[in-house]
Amino acid sequence: MAIHHVEVPDGSLAFGETTSAFARFGHAAAVRSHGHLFISGQIGRRPDGVPGKTAEEQTELAIRRLEEILRLENLGLADLVDVTSYHVDIRENMAGFLAAKQRLVKAPYPAWTIIGVSGLASPELLVEIQATAAYPDSTGR
């Protein structure tokens with residue numbers, strides 16, 4: 001079984017100085033296995049580490065981080081097959097989330113589960129997005 005751990009390089013435009021969080025929390029940005037890319041939950045922090053001010057901004061930042069990880073593997077948002085997003089104050093923040101999601105994620109859409117939670121890793125975070133993408137070839141890389 002071939003497994004590859006994807007590392008986001010220092011200086012990434014989407015991640016900036018926040019790449020150290022992967023080592024600090026002891027997880028990979030993503031893992032490639034059996035033709036799929038399993039992407040760890042991405043949050044709405046700017047490259048300087050400051051979280052976005054609104055659910056819409058945090059959602060956009062999290063999706064941009066997903067895009068960066070996908071780009072490192074020569075994939076894009078259209079290659080996503082399964083997404084789960086976690087939302088604090090889901091009723092209050094859903095409109096902002098949907099505005100960013102509809103602006104950035106186009107058809108064909110992946111399967112997407114939306115879950116309300118009481119909190120995330122830091123109190124200022126409003127959304128976290130975890131995803132799985134499929135590689136277009138059948139070799140499974």
Please give the contour-minus-distance gain from LYS53 to GLU17: 0.36 nm per residue of separation, less the Cα-Cα distance, rounded to one decimal in nm.
11.1 nm
Report, to the nearest whole %, how much of the accessible area of segment 1-72 belongs to carbon and sulfur atoms, 1.4 Å probe, protein only.
56 percent
So what's the angle, to the nearest 10 degrees on a 0 to 90 scale, between helix 90-104 and the longest Cα principal axis of the chain?
50 degrees
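State in Å² the accessible area per residue of segment 39-95; use a 1.4 Å probe, count heavy atoms of protein chains only, and round to the nearest integer. Before the final figure, lay out the partial values.
Values: 2490 Å² over 57 residues.
Value for segment 39-95: 44 Å² per residue.
Probe radius 1.4 Å, ligands and nucleic acids left out: which of TYR109, TYR135, TYR86 has the largest accessible area, and how do the rest follow? Please report the intermediate quantities before stating the final value.
Working: TYR109 145, TYR135 15, TYR86 60 Å².
Heavy-atom accessible area, descending, gives TYR109, TYR86, TYR135.
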Quick one: accessible surface of THR19, probe radius 1.4 Å, all protein chains present, in square angstrom to the nearest 10.
20 Å²
Leaving out ligands, DNA and RNA but keeping every protein chain, what accessible area does GLU67 have, in Å² rounded to the nearest 10, with a 1.4 Å probe?
60 Å²
Mind jotting down the three principal axis lengths of the chain based on Cα atoms? Whole angstrom, largest first.
43, 33, 24
So which residue, out of LEU70, LEU80, LEU13, gets the largest mean-square fluctuation from a GNM of the chain using Cα contacts under 10 Å as springs?
LEU13
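The values are calculated or read from the model by the stated rules, or taken from the named source; none is laboratory data. Every value quoted in this text rests on a predicted model; they were computed, and no experiment measured them. Keep in mind that these areas ignore ligands, DNA and RNA; they rest on the heavy atoms of the full protein, side chains included. Shrake-Rupley method; radii C 1.70, N 1.55, O 1.52, S 1.80 Å.
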